């Protein structure tokens, strides 16, 4: 039976998260899938990540000395130095479900070239940030638009799409997803647990996660604009309008004492307000429905700031770097 299952190369990436990445790699070693090659790609850690990983044994370690860390480059170095025809990517702050690879291996066939399952927070109800992140991972099953940091994929497709963009500091998964779809392939999510994510436990990490998403959002939108990928650009415009005009209308309502400005502010956010009732229908109680609506109101600000930061950097040749970002996160 062991010989019948194809080799899978598991590529784990990380930087300055020694304890988390060790736990991630330990979970890979505990996988029920019997035929694995394990690769850890370090993005230039200043902590003891590499030293701790080396002690685990039987792991290929690739050390990158990156002035400005880029997760796409880490993943590229991993799969290009792997032996298997199938590659499982993992972020270093996740825990692999022991049965995931056994469940996923049979789903890669024909045009279905990439498969993921459910990513969940380890402690989804521990705090506001964990609940939001857990809810945002998505639960839809079937064909999906984008891969995430955890995905099982054919190496042949990575070659065909020329892998991840080495230069993107964010949005590398969306960028590769667009190329996969553009080739006529499918990305699917199956009804199986895949990974658990280490907790997100403070406002700073919550804010910068959304900011970075916004930055990558804008970068990928502009990169593929000429290929009629207008969805990302439309999202940028909508978020910007909300972020600018919602507080402006509220301020004008207070200054002028004109209730119509307040009405315009509410009208602009009608969809977000109605989200409360939609979440209630899905089974969330008042508390968690309210929390998610508050999050939905707030996220347009770091998201738009991230998008604007990319545009400003593009105009004035002053790009944002992950070196600065990782300094803020860890």
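So which of 5, 25, 36 is surrounded by 14 or more Cβ atoms within 10 Å (Cβ to Cβ), under 22 Å from residue 154 (Cα atoms) and at pLDDT below 95?
Of the residues listed, the single one that is surrounded by 14 or more Cβ atoms within 10 Å (Cβ to Cβ), under 22 Å from residue 154 (Cα atoms) and at pLDDT below 95 is 5.
So which residues in the range 74-124 are in a loop (DSSP other than H, G, I, E, B), more than 22 Å from residue 176 (Cα to Cα) and in contact (Cβ under 8 Å) with a residue 40 or more places away in the chain?
So in the range 74-124, the residues in a loop (DSSP other than H, G, I, E, B) come out as 81-85, 92-93, 97-99, 108, 110-111, 122-124.
With the extra rule that they be more than 22 Å from residue 176 (Cα to Cα), the set shrinks to 97-99, 122-124.
Hits for the range 74-124 are 97, 98, 99, 122, 123.
Given the residues 144, 210, 153, which is the only one that is in the same structural domain as residue 27 (by TED's automatic domain parsing) and either crowded, with 22+ Cβ neighbours inside 10 Å or in contact with a helix residue (DSSP H, G or I) (Cβ under 8 Å, 6 or more places away or on another chain) (or both)?
Details: 144 fails: either crowded, with 22+ Cβ neighbours inside 10 Å or in contact with a helix residue (DSSP H, G or I) (Cβ under 8 Å, 6 or more places away or on another chain) (or both); 210 fails: in the same structural domain as residue 27 (by TED's automatic domain parsing).
Going through 144, 210, 153 in turn, the sole match is 153.
Among the residues of the range 4-27, which ones are assigned to a loop (DSSP other than H, G, I, E, B), over 22 Å from residue 73 (Cβ atoms) and out of contact with any strand residue (DSSP E or B) (no Cβ under 7 Å at 6 or more places or on another chain)?
Once the filter is applied, which keeps residues that are assigned to a loop (DSSP other than H, G, I, E, B), over 22 Å from residue 73 (Cβ atoms) and out of contact with any strand residue (DSSP E or B) (no Cβ under 7 Å at 6 or more places or on another chain), the range 4-27 yields 4, 5.
Listed residues 201, 229; which is farther than 30 Å from residue 111 by Cβ, outside any helix (DSSP H, G or I) and modelled with pLDDT under 85?
Every option except 201 fails the conditions.
Looking at residue 30 and the list (1) crowded, with 21+ Cβ neighbours inside 10 Å; (2) farther than 30 Å from residue 319 by Cα, which single condition is not satisfied?
(1)
This table checks each residue for (1) closer than 23 Å to residue 215 by Cα; (2) in the same structural domain as residue 128 (by TED's automatic domain parsing); (3) in a helix (DSSP H, G or I); (4) without any contact (Cβ under 8 Å) to a residue 60 or more places away in the chain.
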residue	(1), (2), (3), (4)
243	yes, no, yes, no
261	no, no, yes, yes
266	no, no, yes, yes
278	no, no, yes, yes
293	yes, no, yes, yes
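The values are calculated or read from the model by the stated rules, or taken from the named source; none is laboratory data. Please read all numbers here as calculations on a predicted model, not as lab measurements. Methodologically, a virtual Cβ is constructed for each residue, glycine included, from the backbone with ideal geometry; neighbour enumeration extends over all protein chains shown.
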